[in-house]
Structure formats: C-alpha cells, structure tokens
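Trainee: The structure under discussion is supplied below as structure tokens; questions concerning it will follow.
The values are calculated or read from the model by the stated rules, or taken from the named source; none is laboratory data. Model, not experiment: these values are computed from the prediction. In this analysis, Cβ positions are derived from the backbone assuming ideal geometry, glycine residues included, and neighbour counts consider all displayed protein chains.
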Amino acid sequence: MVSTDLTPVVDERAGVPVGPRDSTGYRLFTWLNASVLVLVTLLILYPFVTLLAQSFSSSGAIKAGLVNAVPVGFNLETYRVVAGDDRFWTSYGNTVLYTVVGTAIAMLLTTTFAYAISKPHLRGRNALIGIAVFTMFFNGGIIPNYVLISSLGMKNTMWALVLPGALSVFNLLVMKSFFENIPRELEEAAQIDGLGWFSIFTRIVLPLSKAVVATMILFYSVAYWNDWFTAFLYLDEDNLFPLSLFLRNLIAGATTTTAASAAAAGTTSAAISANIQAVTMILAILPILCVYPFVQRHFVSGVMLGSVKG
C-alpha cells in the first residue's frame, strides 16, 4: 500500500524541514549533471579552440601536429595575406548582402503565411497547410530545380540564392503554432477599436512575438550564411561568390587568389598553406559568433513557445 503521508522530513539537528532539493540524491544528480554538461561543452569547444590556435600558428608546427589548443610559433602573416585579398572581401560582402536580403524575404513570407493559416476560420486553411507539409517530404530534385532557375533567368543572380529557400516549412509550422497561442481576446478587442487584420498583425501580433521572430531570424540567417551548395550550382562568376563558396574552393584548392596575394607580399604560398584555411574559417564564422549572444536569450523561449500547444 502506497503511503500518502506528505509531512515534510525535519532535520533534527537544525530543526527545519528538509525538502527534495536538500537530499543527498538530488545533490549527487546536480553534480553529475553539471559535470556532464561541462564535459560536453569542452568537447564542443575543443575543435573551435584548435582551429583558432592553428590560425595563429606557424605552418611548420601545424604540419608537425604540434598545435592543439595553444598556438605554436605565433604567426599573423596569414591574416595579413587574407585581409589583403580583394576576392575574399568581395565574397564577404556578397554573403552579407545575400543573408540580409534572404532573411528579410524569408521572414516576410513566413510570418504572413503562418499568421494566415493560424486562423481556423480561413477558407482553404487545411489545403494550404497540406501543400506546405507536402513540400517537406517531396521535391523536384536538383536537375528540375536547376532547369527552373535557369529558365526564369535567375542564374548568376542573387535571386537564385535567396528565393528558392525563402520559406522553411519547419519554421512556418513553429511560428503558426506560436500565433495560435496568442489570446484571441486581444485581436477581438483590436477589431472593436476599428483595426484591420494587417494593423492587428503589425501592431499587436508581431510585438508579442519577439521571441519566436528572433529565433526564426537566427535560423534563416545562419542557413543563408553557411549555404555554399546553392551558389555552387547557380553561380559561375567569381565576383558573385559568397564567402562559403570561396572557402569551399579554398579547401578544394581551386582558389589561387590568396596564393597570388602572398607572392605579392613576399611570402610563399607554401609558408601559409597549412593555416590559411583555418584563418579563413575563423573570419567566416566570426560574425555569427558576434550576433548569436544577442539572439540566444530568445532562442529557447521562442522554440518552446512555438512548438508546444498550450
């Protein structure tokens, strides 16, 4: 028979109730949980710290396998070479442009579409949701998409990168669920005051959705910033390459501009080849690392509020 006695346990020495958080088992669990999280964090940070150390190390130390988490043979020459490469900064500017424009278009489409299908009284709502979900599992494939983009005249343009991925169905469903949780009384009160649906959306719904909007901006911006395969398919001109494709070509050995810049600076390409990839990758991920802390506080709340129907 299960005991139903809810009388708190009293510590005889202190004379105060002992709660579950004061038990030995709970303290042990907390210690183990913290230890595991610290270990996982160190494992995640180690590759990045090693990459950062390689970017400041000499080529010989990297080739000899002497660089782990601390730079060996401190070297800034590669940073000077990369910073003097005009093609690197052109691709950097392209990436910023593609990310800003693509994220803006994606957020416009996602927020408006999600708000529309979050209304139960919308005619054809189930059909619209079904069409969106269908695209999560089925698509035309690379060749039909390539033919479509080419026939639309978007090849070798920015639109080939920002439009095909402008609407993520996963993000759409998360935001739809978030909008469904907003009290209907707020919208009804706004309608009584004479506001239309567009005004309600922009003046009431969006200000209440800062957490999920910030989360979606993070998702879209990181996806556009890191995307290289779309550019690899649709861009042929070097001056249109994003930073991710520049880095891919650098790793694959297809980009020789940096080697030419090194020769012009009096440095042989062999002297910087071992850490030039590390330098380029550090510079590529630096903006995301700077932006993420400002968005991270909205991340968990935005995902959870948009994914749980309460």
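Trainee: Report whether or not Ala214 is surrounded by 17 or more Cβ atoms within 10 Å (Cβ to Cβ) and assigned to a helix (DSSP H, G or I).
Mentor: Values: surrounded by 17 or more Cβ atoms within 10 Å (Cβ to Cβ): yes; assigned to a helix (DSSP H, G or I): yes.
Judged against the criteria, Ala214 is a match.
Trainee: Do we have Val174 as at pLDDT below 90 and part of a helix (DSSP H, G or I) here? Reasoning before the result, please.
Mentor: Details: at pLDDT below 90: yes; part of a helix (DSSP H, G or I): yes.
Criteria met by Val174.
Trainee: Let me ask you something else. Just to be sure, is Val147 surrounded by fewer than 15 Cβ atoms within 10 Å (Cβ to Cβ), modelled with pLDDT of 90 or more and over 30 Å from Pro293 (Cα atoms)?
Mentor: On the way: surrounded by fewer than 15 Cβ atoms within 10 Å (Cβ to Cβ): yes; modelled with pLDDT of 90 or more: yes; over 30 Å from Pro293 (Cα atoms): yes.
Yes.
Trainee: Continuing with this model, one more query. Does Ala114 satisfy being surrounded by 16 or more Cβ atoms within 10 Å (Cβ to Cβ), under 26 Å from the mean Cα position of the chain (by Cα) and part of a loop (DSSP other than H, G, I, E, B)?
Mentor: Taking the combined requirement at face value, the residue does not satisfy it.
Trainee: For the subset of the stretch 71-101 comprising residues that are acidic (Asp, Glu) and at pLDDT below 85, which member is nearest to the chain's Cα centre (by Cα)?
Mentor: Here is the first cut: in the stretch 71-101, the ones acidic (Asp, Glu) are 77, 85-86.
Now drop any that are not at pLDDT below 85, which leaves 77, 85.
On the way: Glu77: 31, Asp85: 27 Å.
Checked the stretch 71-101; the qualifying residue nearest to the chain's Cα centre (by Cα) is Asp85.
Trainee: Looking only at residues that are surrounded by 14 or more Cβ atoms within 10 Å (Cβ to Cβ) and within 27 Å of the chain's Cα centre (by Cα) in the stretch 182-203, which one is modelled with the highest pLDDT?
Mentor: Only one residue tops the list, namely Phe201.
Trainee: Of all residues in the stretch 126-171, count the ones that are under 25 Å from Leu235 (Cα atoms), of a type in the set (A, V, I, L, M, F, W, C) and in a helix (DSSP H, G or I).
Mentor: The total comes to 9.
Trainee: Looking at the stretch 169-194, I want the residues that are in the same structural domain as Ala114 (by TED's automatic domain parsing) and have a partner that is surrounded by fewer than 16 Cβ atoms within 10 Å (Cβ to Cβ) and part of a loop (DSSP other than H, G, I, E, B) with Cβ atoms under 8 Å, at least 6 apart or on another chain. Which pairs are those?
Mentor: Close Cβ pairs satisfying both conditions: Ser177/Val308; Ser177/Lys309; Glu180/Lys309; Asn181/Lys309; Asn181/Gly310.
Trainee: When only residues in the stretch 224-254 that are part of a loop (DSSP other than H, G, I, E, B) and of a type outside the set (A, V, I, L, M) count, which is surrounded by the most Cβ atoms within 10 Å (Cβ to Cβ)?
Mentor: The extreme case among them is Pro242.
Trainee: Now a separate question. State all residues of the stretch 23-57 that are out of contact with any Leu (no Cβ under 9 Å at 6 or more places or on another chain) and among the hydroxyl-bearing types (Ser, Thr, Tyr); if no residue qualifies, say none.
Mentor: If the condition is that a residue be out of contact with any Leu (no Cβ under 9 Å at 6 or more places or on another chain) and among the hydroxyl-bearing types (Ser, Thr, Tyr), then Ser23, Thr24, Tyr26, Thr30, Ser35, Thr41, Tyr46, Thr50 are the ones that fit.
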